[in-house]
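No lab work stands behind these numbers, since they all come straight from the coordinates. Since this is a predicted model, take the numbers as computed values, not measurements. Note that we place each Cβ from the backbone using ideal geometry, even for glycine, and neighbour counts take in every protein chain shown.
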Amino acid sequence: MRALAKSAVGLLLAVGYVSSALGQSGVQWHPNIEGAKSLAAQSGQLVMVYFWAPWCPVCFPTERDVLSQPNVATSIHAAFVAVKVNYDEAPELVRHCGVRSLPAIVVLTPEGMPLDRVEGRLAPQELVNRLGAVAANARKPVQPQPVQPQPVQPQPVQPQPVQPQPPLQSNYTPASQGVQQAPAAQQNPPLGLDGYCAVSLSDDLLAARRRWVLGQKAHGVIHRGRTYLFADAEKAARFFQDPDRYAPVLSGQDVVLAVDEGRYVSGQREHGAFFGHRVYLFSSEETLQRFENHPNRYADAAVRLAFQPVPPR
């Protein structure tokens, strides 16, 4: 599987504005997050954290076309202490702010509590309006509400019998080239990611650490018409809490064919890419290349298609 973000870095370097774009922003950045929180507490402002990465294909146009605009910078400075954070260098802050794709702007209180998060690129005026609304709402005084004492009525506790739950019966058995469907009658939807553990593959955002690990039949979850198997119960639980974070976009269908031609064709692992920390699968190198030429257009369209039912294989 190809890491699209890495190839995007080469493209940006080729056109020669990676380093210059960083210096064009009109926003004055505080050097670190703790200092920004302290200054915001003293000045009665909020903290605006801008997450970027050198491999992010949208970050540099965002700084050049949005954050460098005078009206954007003025509105930010009026209500926020701004700090720019390299995504790869602040994993704890990334998790605390819930950032899953770049670029991202997160508004924090001076105490560090997240108030709002914007991921992806916005037009300059849209960003001004969004940040202005967050700042105005934060300034609203809190009206105390009278507390009415409520009598506590003891409730008898009725024991509930625990029904043992059998493991997911997937009707799939591992083989030397991955997981294949057994000849038994199908009871579960087809496998996603050929039976490999989606959490092991996607949870570490560093491409060098991504691992293809076969899942186990005892640890399976059905999601959007696919059966996903996991290496252990803990990874299955993490998937179950936020399945769309880990599952391939459009349940592994070729996004390019779905968007351009309205056809749902299953993608293959050998024609795959990571973009915005999501897995995309394609049916051929040709559709993968079309995606790499216009990743944001297809990613945005895929979000809309995700709310429509995806035909089975």
Those chymotrypsin sites (Phe, Trp or Tyr not before Pro) from region 220-313 that are DSSP loop and have at most 14 other Cβ neighbours within 10 Å turn out to be 307
Between residue 261 and residue 113, Cβ-based FRET efficiency (R0 45 Å, step 0.05) works out to 0.50
Residue separation between residue 212 and residue 95 times 0.36 nm, minus their alpha-carbon distance, gives in nm 39.8 nm
Quick calc, residue 232 & residue 269: beta-carbon distance into FRET formula, R0 25 Å, rounding 0.05, result 0.75
Stretched fully, the stretch from residue 188 through residue 297 gains (0.36 nm per residue minus C-alpha distance, one decimal, in nm) 35.9 nm
Counting only backbone N atoms under 13 Å from a point 7 Å out along Cα-to-Cβ of residue 222, the residues of region 187-201 in range are 187-191
Measuring from its Cα centre, region 27-138 shows a charge dipole (+1 at each Lys and Arg Cβ, -1 at each Asp and Glu Cβ) which, in debye to the nearest 20, is 140 debye
With 0.36 nm assigned to each residue of separation and the Cα-Cα distance removed, residue 74 to residue 121 gains 15.1 nm
Once both label points are put 7 Å beyond Cα along the C-beta direction, the residue 136-residue 34 separation in nm becomes 3.6 nm
